[in-house]
Amino acid sequence: MSYVEIRDHALWLKHIHGNDDLKAYLEALSAGELVELEIGGFGGMWKKMDDGKDGRPTQGIKAIGKAREHWHSLQSERGELVVIQKAKS
């Protein structure tokens, strides 16, 4: 089982625990690429953050649409862990 720690409005990949394959998959996404994830039992779309001004990849993703509303609603539980997995197609 893999978990992510609620820390920020962005989901930082270093806060994913228990699933190095998922973390590596998300790190390998190109800036702006979309991925469907299920976090805390809620499925939605996430977008890899833009590369930094120095050209290095930003190791985070941001929720979009309904996933954004759900992720932001979890911010009152900062520091807690929730289950994260790639959405089943």
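A short reminder: the numbers here are calculations on the coordinates, not readings from a lab. From a predicted model like this one, the values you see are computed outputs, not experimental measurements. Glycine also receives a Cβ, built like all others from the backbone with ideal geometry; neighbour counts cover every protein chain displayed.
A compact table of results
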| quantity | calculated |
| --- | --- |
| Any pair with Cβ under 6 angstrom, 6 or more apart, that starts in region 1-13 at a residue that is part of a loop (DSSP other than H, G, I, E, B) and ends at one that is of a type in the set (Asp, Glu) | Ile6/Glu77; Ile6/Glu80 |
| Number of the condition not met by Gly52 [criteria: (1) in a strand (DSSP E or B); (2) out of contact with any Asp or Glu (no Cβ under 8 Å at 6 or more places or on another chain)] | (1) |
| Residues of region 39-51 satisfying the condition of being touching a Lys or Arg at 6+ places or on another chain (Cβ under 8 Å) and more than 9 Å from Ala67 (Cα to Cα) | Lys47, Met49 |
| Count of residues meeting criterion [under 13 Å from Asp8 (Cα atoms) and acidic (Asp, Glu)] in region 67-89 | 2 |
| Count of region 62-78 residues which are part of a helix (DSSP H, G or I) and surrounded by 11 or more Cβ atoms within 10 Å (Cβ to Cβ) | 11 |
| Residue, surrounded by the most Cβ atoms within 10 Å (Cβ to Cβ), within region 36-60, restricted to residues that are closer than 16 Å to Val83 by Cβ and under 12 Å from the mean Cα position of the chain (by Cα) | Trp46 |
| Options Leu22, Leu26; residue that is within 18 Å of Lys88 (Cα to Cα) and within 9 Å of the chain's Cα centre (by Cα) | Leu26 |
